[in-house]
């Protein structure tokens, strides 16, 4: 049993040798759980309402979105790629379409 309002992280290993999928869960007092898969090499362009710089990775960006009520999707742009030396985290107030982009990782938050 997990205490109310706790965050839980876990990784699911792929038995076929592909990359593991990381998940973040947030469990609330009413036992509602938010799970969001990290969409590798994916951009969700548009619907940005906030931008955060220099986060460590996509999991940190996902966490920022989970903790911000208006956020329903996010995109993390890796450092030293298309937007310069610092990473960028874009929080979104709607869920844009996916597009392939090797410099980005994205996700959707289910509320």
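The values are calculated or read from the model by the stated rules, or taken from the named source; none is laboratory data. Since we're looking at a predicted model, the values are computed, not measured. Quick reminder, even Gly has a Cβ in these numbers, built from the backbone with ideal geometry, and neighbours come from all protein chains shown.
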Exercise. Hey, does region 40-53 have a residue that's crowded, with 17+ Cβ neighbours inside 10 Å, in contact with a strand residue (DSSP E or B) (Cβ under 6 Å, 6 or more places away or on another chain) and modelled with pLDDT under 95?
Worked result: no
Exercise. Out of region 23-39, which residues are modelled with pLDDT of 60 or more and surrounded by 17 or more Cβ atoms within 10 Å (Cβ to Cβ)?
Worked result: 36, 38, 39
For this session: Consider only pairs whose beta carbons are under 7 Å apart and that are at least six residues apart or on different chains; among these, list those whose first residue lies in region 70-82 and is over 16 Å from residue 42 (Cβ atoms) and whose second residue is surrounded by 19 or more Cβ atoms within 10 Å (Cβ to Cβ).
Result: 71/65; 71/91; 71/92; 71/109; 79/87
